[in-house]
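No value in this document is a laboratory result; all are computed from the given coordinates. Here the structure is a predicted model, which is why all the values come from computation and not from measurement. FYI the Cβ positions are ideal-geometry reconstructions off the backbone, even for glycines, and counts take in every protein chain you see.
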Amino acid sequence: MELMERIEKAIAEKKGRFKTPCYLYDIRTVLDNYRDLKERLGTALILSVKANSNFELIDRIRHVADGMEAASLNELEIIQHPNTELYINSPAYTSRFIKAALAVNATIVLDNPAQLAMIGNSSRKPGMKPLMIRVNSRVLGDFIEVSGSIPENHFGMDLTDILEATDKIKAMGLQLGGLHIFHGSHQFKNMCFKTVRAVADLIQAVEERYAGEISFANLGGGFSDEWRGDDVDFASYRQELGRIPARIRIAHESGRGVFASAGFYVVGVIGVKSLGGRPYVICDGGISHNFLLAQTERPFQKHYRRPLLWRDGGFVDTSASGGIGQGAVCVGPSCSRDDIFSILPEEGPCPREGDLLVFTGCGAYNFSYSVSKFLSLHPAEEYLVV
Ligand SMILES: Cc1ncc(COP(=O)(O)O)c(C=O)c1O
């Protein structure tokens with residue numbers, strides 16, 4: 001059965017029994033995305049669960065994953081399991097977070113040298129995993145000619161700090177496992193070849209300073225939601241990875257590339273009103289259940305997403321009604337004037353009470369990046385489609 005058929009069946013079977021607003025996550029799509037992406041890369045692939053940290057989903061997919069990465073203590077609690085390779089990666093460790101990571105044998109990715117003091121103060125276990133150093137993107141410029149800009153971010157260390165941290169790790173009697181670099185979401189296509197070239201040289205510099213070998217390089221990711229259509233030459237990329245010594249295990253990591261296309265966001269229509277002749281579709285879910293759809297991060301040029309319409313037991317075919325919306329305004333239940341999450345085309349059918357609006361491609365950062373406390377509204381429900 002194809003993905004849309006599975007979703008249609010799930011909604012038809014559950015209608016009346018599930019609560020809206022809600023998210024549906026198709027496990028098979030998550031697994032397919034993971035396996036396909038890993039195969040194209042030819043390396044280990046670590047799951048970044050900030051994109052989707054639903055416990056049941058994580059538990060259903062952990063058996064395929066080469067590892068999972070947490071950016072907070074709560075994420076670590078969700079992913080931790082004896083059979084899961086764990087990583088933590090944050091510029092904001094607390095000693096509680098570090099202690100918890102050491103207790104479950106997670107690999108710690110150091111964002112800055114000061115974090116070493118925190119590790120030194122924690123009770124060190126004999127089997128502690130070697131440390132990783134997070135490399136700031138601008139370090140690329142220290143090793144290769146970069147035409148075009150390097151993505152700016154405040155994560156990780158510059159070259160001076162990387163080498164100093166290497167010294168400190170050695171002086172503390174700890175082990176250096178390797179390097180981790182991540183340029184940001186959507187950056188893979190632009191940055192992947194440059195990253196390999198620079199990291200290959202950086203590894204040499206770090207190993208010289210360490211007077212020893214590292215064993216692991218996480219080259220990050222930045223795969224888009226629909227990475228299959230991104231026109232990346234994976235075969236050449238796999239060849240490029242040959243610049244990194246074969247003794248070093250290479251990994252990439254992904255959140256949205258694995259989760260995005262597996263998720264569906266469903267809101268129920270509570271009623272419709274008219275203002276100045278324009279219909280307003282009032283829904284039970286809005287900005288506090290799906291922050292991204294409201295596009296407040298794009299104040300001037302909002303490109304609202306268009307939902308599928310579910311009515312009387314099935315999807316209504318709205319494909320003839322154009323893409324750009326000037327018609328009915330879909331609004332959520334809060335009192336924020338930004339609680340608008342879609343504008344439908346004028347020609348299409350106007351939703352009515354009892355209909356559902358279903359948004360595709362909502363499996364990553366749609367639930368996890370939403371602030372659900374406003375007006376004491378409940379967060380959206382989440383259901384797995386198996
Ligand atoms: C260190 C790190 N790794 C991986 C990710 C996941 O990014 P994406 O979901 O775009 O793959 C992020 C996202 O912020 C990140 O900060």
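What separates the Cα centres of segment 249-263 and segment 264-323 is a distance of 27 Å. Using a simple spin-label model with pseudo-atoms 7 Å out from Cα toward Cβ, Y369 and R228 lie 2.2 nm apart. Sorting 25-35, 158-168, 5-15, 175-185 by average packing, meaning the other beta carbons within 10 Å per residue, from highest down gives 175-185, 25-35, 158-168, 5-15. From the Cα gyration tensor of segment 126-187, with a ≥ b ≥ c the square roots of its eigenvalues, which class applies: rounded if a/c is under 1.5, or else prolate if a/b is larger than b/c, or else oblate? Since a/c reaches 1.5 and a/b is larger than b/c, the shape of segment 126-187 is classed as prolate. Calculated mean residue ellipticity at 222 nm for the chain: -8000 deg cm²/dmol, from DSSP H runs with n ≥ 4 weighted as -39500 (n - 2.57), summed, divided by the residue count and rounded to 500. Rounded, prolate or oblate, given the Cα gyration tensor of the chain, with a/c below 1.5 counting as rounded? Judged from the Cα gyration tensor, the chain comes out prolate (a/c at least 1.5, a/b above b/c). Of all DSSP-defined beta bridges confined to the chain, some 40% are antiparallel rather than parallel. With a/c under 1.5 counting as rounded, go ahead and sort segment 260-385 into rounded, prolate or oblate using the C-alpha gyration tensor (a ≥ b ≥ c being the square roots of the eigenvalues; past the cut-off, prolate if a/b is larger than b/c, else oblate). Rounded is the answer for segment 260-385, as its axis ratio a/c remains below 1.5. Of all lysines in the structure, the ones whose alpha carbon falls short of 30 Å from that of K373, not counting any fewer than 8 places away in one chain, are K14, K15, K19, K50, K99, K273, K302. Roughly how tilted is helix 3-14, in degrees to the nearest 10 and between 0 and 90, from the longest Cα axis of the chain? Relative to the chain, helix 3-14 is tipped by roughly 60 degrees. Rounded to the nearest 10 degrees, the angle from helix 27-41 to the longest Cα principal axis of the chain is 40 degrees.
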